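Working notes, beginning with the structure itself.
The values are calculated or read from the model by the stated rules, or taken from the named source; none is laboratory data. Owing to the predicted nature of the structure, the values given are computational and were not obtained by experimental measurement. Backbone-built Cβ (ideal geometry, glycine too); neighbour counts: all protein chains shown. Just so you know, the surface numbers come from the protein's heavy atoms only, side chains and all, with ligands and any DNA or RNA stripped out. Shrake-Rupley method; radii C 1.70, N 1.55, O 1.52, S 1.80 Å.
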Amino acid sequence: NDDDSDEYLRSLTLNLLCNILSSDADNKTFLLRVNDESIIDHLVWYVSEASTCPWNACLAAKCLGLLKTLSYEDKEVGGALLKAGAIGNIMHDLLEKEVKNAISAIYESKKSGNECSAKN
């Protein structure tokens with residue numbers, strides 16, 4: 001099934017992004033490369049698809065949390081994370097956990113007033 005193979009490729013891509021961000025979330029060179037609104041838009045899309053593919057939504061939420069200095073500037077991130085968290089609460093514990101972590105990281109970044117130096 002093409003849909004399954006597409007989801008599998010998306011999952012691999014999200015896993016790779018999570019691994020890169022987890023290894024060095026403050027990597028300025030990498031942040032310059034991903035400092036593109038479209039990557040946040042794509043991650044928000046994955047999160048918004050939580051009811052059909054909760055694992056990819058979980059990975060995308062983790063990436064948004066790791067990209068907190070970029071994520072907090074996007075108004076759609078919070079709404080998508082809240083909806084995915086509600087779905088996670090019902091059917092996918094790890095999704096709920098990653099959403100909570102992402103919201104917390106983004107909130108802390110916003111609260112401390114950190115801005116991504118890659119944007120400057």
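Here are the numbers for the structure shown:
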| item | result |
| --- | --- |
| Of all residues making up the range 3-14, the number that are open to solvent by 50 Å² or more (accessible area, probe 1.4 Å) and under 15 Å from His42 (Cβ atoms) | 6 |
| Any hit, the range 26-33, residues being over 22 Å from Lys110 (Cβ atoms), part of a helix (DSSP H, G or I), hydroxyl-bearing (Ser, Thr, Tyr) and at pLDDT below 90 | yes |
| Residue in the range 50-60 that is in contact (Cβ under 8 Å) with a residue 12 or more places away in the chain, hydroxyl-bearing (Ser, Thr, Tyr) and crowded, with 20+ Cβ neighbours inside 10 Å present | no |
